[in-house]
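For reference, the structure is listed below as structure tokens.
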Ligand SMILES: C[S@@+](CC[C@H](N)C(=O)[O-])C[C@H]1O[C@@H](n2cnc3c(N)ncnc32)[C@H](O)[C@@H]1O
């Protein structure tokens with residue numbers, strides 16, 4: 001692109017309020033059924049003996065409750081606190097309250113968990129939100145820190161093949177705003193960049209919804225012999 005737009009941090013920050021308003025107006029915005037990537041991730045978690053899962057950008061919890069019903073302890077992080085409250089209520093109603101742990105937090109900040117807290121991390125359409133490339137790199141590093149050695153990260157992102165890529169308002173750094181939502185569209189190179197310090201196991205394309213959105217499902221593993229990756233850490 002000849003004149004790429006500059007990133008405006010205030011515009012990106014405003015997405016938190018936009019998501020809060022959206023969830024307040026739309027119960028079950030993404031439906032109640034677990035997503036396809038969650039189904040695939042649960043299978044992989046089971047085959048690898050995962051007990052504790054960190055879900056980033058859990059939204060209203062369509063996948064959170066599915067993982068908990070599948071036997072995992074799920075820590076669900078999002079910056080939309082009302083959606084997290086909905087998850088807590090739904091988990092209690094389903095008798096899964098002891099397996100679901102909602103945590104309010106911004107994925108652009110250091111994750112509020114000690115090193116090596118989780119067996120796996122999962123994020124359906126969080127990495128393709130309004131996070132700049134440096135923020136994504138820091139987030140991948142943070143996920144690596146909080147994963148135990150051998151831990152899995154499964155995340156999905158909208159791609160350059162998505163019908164909305166390049167449409168709407170250019171927010172810079174491959175982010176485009178449509179209908180008030182800012183999406184960071186990925187190419188393979190960005191996914192490969194975020195695999196630094198991990199083993200990239202799979203980069204699969206899939207579609208979701210009526211548009212349809214076109215996405216990558218990325219599966220990567222923290223090497224079994226790796227420590228937290230923190231300076232001075234193990
Ligand atoms: C596209 S929705 C996906 C929700 C859920 N994973 C699903 O598939 O149903 C993205 C979610 O990420 C959350 N989110 C976006 N940016 C975030 C950030 N910087 N920190 C924490 N959560 C964020 C939004 O509040 C929203 O719940």
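The values are calculated or read from the model by the stated rules, or taken from the named source; none is laboratory data. Since we're looking at a predicted model, the values are computed, not measured. Positions of Cβ are generated from backbone atoms using ideal geometry, with glycine treated the same way; all protein chains shown enter the neighbour counts.
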Helices (runs of 4 or more DSSP H) enclosed by the stretch 1-74 - at least 3 residues per element that are under 14 Å from residue 123 (Cα atoms) and near the ligand (Cβ under 9 Å from one of its atoms):
62-69
So, residue 197, is that one farther than 21 Å from residue 35 by Cβ, in contact with a helix residue (DSSP H, G or I) (Cβ under 6 Å, 6 or more places away or on another chain) and assigned to a loop (DSSP other than H, G, I, E, B) or not?
yes
List pairs: first residue in the stretch 83-109 and within 21 Å of residue 139 (Cα to Cα) and in contact (Cβ under 8 Å) with a residue 60 or more places away in the chain, second residue near the ligand (Cβ under 10 Å from one of its atoms) and part of a helix (DSSP H, G or I) anywhere in the structure, Cβ distance under 8 angstrom, at least six positions apart or on different chains.
106/16
Based on what the data block shows, is residue 184 in contact (Cβ under 8 Å) with a residue 12 or more places away in the chain, surrounded by 15 or more Cβ atoms within 10 Å (Cβ to Cβ) and in contact with a helix residue (DSSP H, G or I) (Cβ under 8 Å, 6 or more places away or on another chain)?
yes
When you look at residue 142, is it touching a strand residue (DSSP E or B) at 6+ places or on another chain (Cβ under 6 Å) and modelled with pLDDT of 95 or more, yes or no?
no
